[in-house]
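The values are calculated or read from the model by the stated rules, or taken from the named source; none is laboratory data. All figures in this text were calculated on a predicted structure; none of them were measured in a lab. Cβ placement follows ideal geometry from the backbone for every residue including glycine, while neighbour counts extend to all protein chains displayed. Accessible surface areas use protein heavy atoms only, side chains included; no ligands, DNA or RNA. Shrake-Rupley method; radii C 1.70, N 1.55, O 1.52, S 1.80 Å.
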2 protein chains.
Amino acid sequence: MSVSIRDVARVAGVSVATVSRALGNGPVSDALRAQVEAAVKATGYHPNLSARRLRSQRSGTIGLVVADIRNPFFTAVAHAAEDAAYRAGLRLILCNTEEDPAREAIYLGLMQEERVSGLLFAPTRLTQKELPRQRFAYPVVLIDRTGPNSAHDSVTLDNHAAMGALIDHLVEQGYRRIGGLFGKTSNTGVERRNGYLAGMLAHGLTPDYREVAPSAVAAHAEATQWLARGDRPEALVTSNSLLMTGAMKAAREAGLRIPEQLALAGFDNESWTELVEPGITVIEQPVEEIGRTAMNLLLERLQNPALPVRKLVLGGRCIVRGSTQARASMAGVA
Amino acid sequence: MSVSIRDVARVAGVSVATVSRALGNGPVSDALRAQVEAAVKATGYHPNLSARRLRSQRSGTIGLVVADIRNPFFTAVAHAAEDAAYRAGLRLILCNTEEDPAREAIYLGLMQEERVSGLLFAPTRLTQKELPRQRFAYPVVLIDRTGPNSAHDSVTLDNHAAMGALIDHLVEQGYRRIGGLFGKTSNTGVERRNGYLAGMLAHGLTPDYREVAPSAVAAHAEATQWLARGDRPEALVTSNSLLMTGAMKAAREAGLRIPEQLALAGFDNESWTELVEPGITVIEQPVEEIGRTAMNLLLERLQNPALPVRKLVLGGRCIVRGSTQARASMAGVA
DNA sequence: GAACTATATGAAAACGTTTTCAGTCCATGT
DNA sequence: ACATGGACTGAAAACGTTTTCATATAGTTC
């Protein structure tokens, strides 16, 4: 059926060991190397990675387990990671957990069965709690979501500070009744919620927030209901771009003018946040850098397992747009 | 180091063959099966997929090779495919070619080395031309991009008709000078361009179009230059959502009112196309269905290789929004 | 009760590589 | 001329499974 290294060896008139060495980096005379290369071309040989991995005990594969590839943040991170893996000559296995801890557990086991060299992982809040108790057969670098007591390398945003900046900005622009819409399945959502609470407290404002499943439809449903109430907020912050999509849609449907009747601010500088009228104020995350450096941390860890745990916290950039324009001095208007 | 099936066998007091059978679906007595399961739990055994694949000659893996995972269309398709694979108990390997034929070739070879059971593939225009001449070691299902003379199963949109519908609609709304912005690396771009040409011809209009790299920045650059000219079009159609992003940004920067000074229509019903003012008219592709049915076609093909080639062409849905509002009767205005 | 048959189990071969080990050959230094 | 060593090569073991083959045991049929 499939052409194996034996076939190549036979055609080239050498031993299988020589073929293996010629294809790898072993010492082979130029003459034989040429013969082997010719034989490879003639036979159309492709090495069997399973056999190679089995024997060499190296998978040359790293896993990427994220919650939702449709979240543009993860899409961008995955893209950067894939690129870095390609450059390093490694394969990347992408797993989508749908924010489901059960599915997450299955994929984590699968990664071990694949004998991946390492893992980039954005855990659910639930499994993240279990992380300290869990033993992995491979190095793990957490992306986007980590906790204080995890023993893994990580690359995250300074969520607390970023959300704080958003609140400060809104307050400065004259908004007081600021509502929050946060994803409830990730620690990132929690951190941004905490940043929100701290920010509101610092300004002596009373917080008012909701936690929802991290999807546009969930946010839309919640926001629709919320914005219909008499005590709806003057401004709304969201913890990711999917939630912002849902919230904005709800605002449109409720006929609210932005920012006059509802200011908006959130995360992730998607291109549409600029195109939409009047432009959404967002915290831009360095997505490319997150994916790239996460992969680099992993590669360094593979090289040197004794390295101390490194937790990289990156800062976000606040991009101010029309959705948080200074509030006209009309205090007390519903 | 790693715990193997021998360790489990030793702990369970049975042979390795029995362990293998107990874990698979071989005939094993209930008593021994229980012993094995206990031993697995006690040892923390995880089967080595490389060894399993090598011996069984089944990879249980399918490849997904797309041009750009950041294109929301491919993101959605990948998501649906991953889900279908998960359900079928298969692994999915995602490869991103960046629209680069060289990278594409590398990944295609890699898929063979992985001994994937099958491949979902969105080829570049260049390699697509080579497709009829190429032999694959695995069944291939083309998604989004196919040609008339390919011998592979495929799932595509009726691009010609969809673009025709867009042109018809624009003409009906009173637009005459309709420009086109098309991606040049994919056959999909070509088909939509042909649909554009046919549509313009049918209405007796003179076409005017540009072909660019399929990215927002390329579209932005081209559109910026184009819209600055005196003979800029009254309407612009684009062949995908990335190009639309770039085009719209250029229109905004040029200070053009939509649709009064420039109508817009394109592909892919991204949520922002609804949120943006005045809403973009688009052809909605059944992305979930494309990913799902592509996977199904592949699974069926794996079951029965003798099946005739099946080319599935799906229809798009035209969603009319404000960006193509009826043109005020002001013929001849630049 | 003997001859089958079906079922469960273990021993060992096989999958396609890499890597170890043991050479073989040739150049080099004495 | 002879030992020493380096560079290359081939035979065979090993990686961790699944699967084939043989065997033992129990159950069935005449």
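In this structure, the amide hydrogen of A:Tyr209, modeled 1.01 Å from its nitrogen in the peptide plane, lies closer than 5 angstrom to those of A:Gly180, counting only residues at least 5 positions away or on a different chain.
Here the Karplus curve 6.51 cos²θ - 1.76 cosθ + 1.60, taken at θ = phi - 60°, turns the phi angles of region B:181-197 into couplings of 10, 10, x, 9, 9, 10, 5, 4, x, 5, 4, 6, 5, 5, x, 4, 4 Hz, with x standing for Gly and Pro. The mean count of C-beta atoms from other chains within 10 Å of the C-beta of residues in B:48-61, rounded to a whole number, is 5. Within the set A:Lys184/B:Lys249; B:Lys129/B:Lys249; B:Lys184/B:Lys249; B:Lys249/B:Lys311; A:Lys249/B:Lys249, which residue pairs have Cα atoms separated by over 30 Å? Table pairs above 30 Å Cα-Cα are A:Lys184/B:Lys249; B:Lys129/B:Lys249; B:Lys249/B:Lys311.
Just checking the listed ones, B:Phe267, B:Phe74, B:Phe136: in the Gaussian network model of chain B with Cα springs under 10 Å, the one fluctuating most is B:Phe136. Counting Cβ atoms of other protein chains within 10 Å of each residue's Cβ and taking the mean over peptide B:86-98 gives 4.
Here the contact order of region B:155-285, divided by its residue count and restricted to Cα pairs under 8 Å and six or more residues apart, works out to 24 percent.
Computed from Cα positions, the angle between helix B:72-87 and the longest principal axis of chain B comes to roughly 20 degrees. Partner aspartates and glutamates whose Cα lies under 20 Å from the Cα of B:Lys41, excluding those fewer than 8 positions away in the same chain, are identified as A:Glu104, A:Glu113, A:Glu114, A:Glu130, B:Asp7, B:Asp30. Computed from Cα positions, the angle between helix B:101-113 and the longest principal axis of chain B comes to roughly 20 degrees.
Near A:Leu314, the amide H atoms lying under 5 Å from its own belong to A:Thr156, A:Leu157, A:Asp158; only residues 5 or more places off or on other chains count, and H is placed 1.01 Å from N. Accessible surface computed residue by residue for region B:1-123, with neighbouring protein chains in place and a 1.4 Å probe, gives 43 Å² per residue.
For chain A, the relative contact order works out to 16 percent when only alpha carbon pairs closer than 8 Å and six or more residues apart are counted.
Across region A:318-325, computed HN-Hα scalar couplings (Karplus, 6.51 cos²θ - 1.76 cosθ + 1.60, θ = phi - 60°) run 8, 10, 8, 9, x, 5, 10, 4 Hz from first to last residue, x flagging Gly and Pro. Closest approach of a chain B beta carbon to the axis mapping chain B onto chain A (residue, whole Å): B:Trp272, 2. Backbone amide hydrogens, once placed in the peptide plane, bring B:Ile93 within less than 5 Å of B:Ile62, B:Gly63, B:Leu64, excluding anything fewer than 5 places away on its chain. According to the square roots a ≥ b ≥ c of the eigenvalues of the Cα gyration tensor, what is the shape class of the protein assembly as shown, taking rounded for a/c under 1.5, prolate for a/b larger than b/c otherwise, and oblate for the remainder? In terms of gyration-tensor shape, oblate. Computed over neighbours whose Cβ is under 10 Å from that of A:Met163, the net charge equals -1, Lys and Arg +1, Asp and Glu -1.
Each chain gives up part of its surface: B and A jointly bury about 4500 Å² of accessible area, both sides summed, for a 1.4 Å probe.
State whether chain A is rounded, prolate or oblate according to the following rule on the C-alpha gyration tensor (a ≥ b ≥ c being the square roots of its eigenvalues): a/c under 1.5 gives rounded; otherwise a/b larger than b/c gives prolate, and the remaining case gives oblate.
Prolate shape, in that a/c is at least 1.5 and a/b is the bigger ratio.
Of the residues B:Val276, B:Val65, B:Val36, the one that moves most in a GNM of chain B with alpha-carbon contacts below 10 Å is B:Val36. Across the accessible surface of region B:57-144, with the other protein chains kept in place and a 1.4 Å probe, carbon and sulfur atoms take up 50 percent. In plain terms, the chain from B:Leu197 to B:Arg229 could stretch by 9.3 nm, reckoned as 0.36 nm per residue minus the Cα-Cα distance.
Dividing the summed helix terms, -39500 (n - 2.57) for each DSSP H run of n ≥ 4, by the number of residues in chain A produces a 222 nm estimate of -14000 deg cm²/dmol to the nearest 500.
Between the helical axis of B:30-43 and the longest alpha-carbon principal axis of chain B there is an angle of about 70 degrees. For region A:1-109, applying the loop criterion from DSSP together with a ceiling of 15 other beta carbons within 10 Å to the trypsin sites (Lys or Arg not before Pro) yields A:Arg58.
Highest GNM mean-square fluctuation among A:Leu54, A:Leu302, A:Leu110, for chain A modelled with Cα contacts below 10 Å: A:Leu54.
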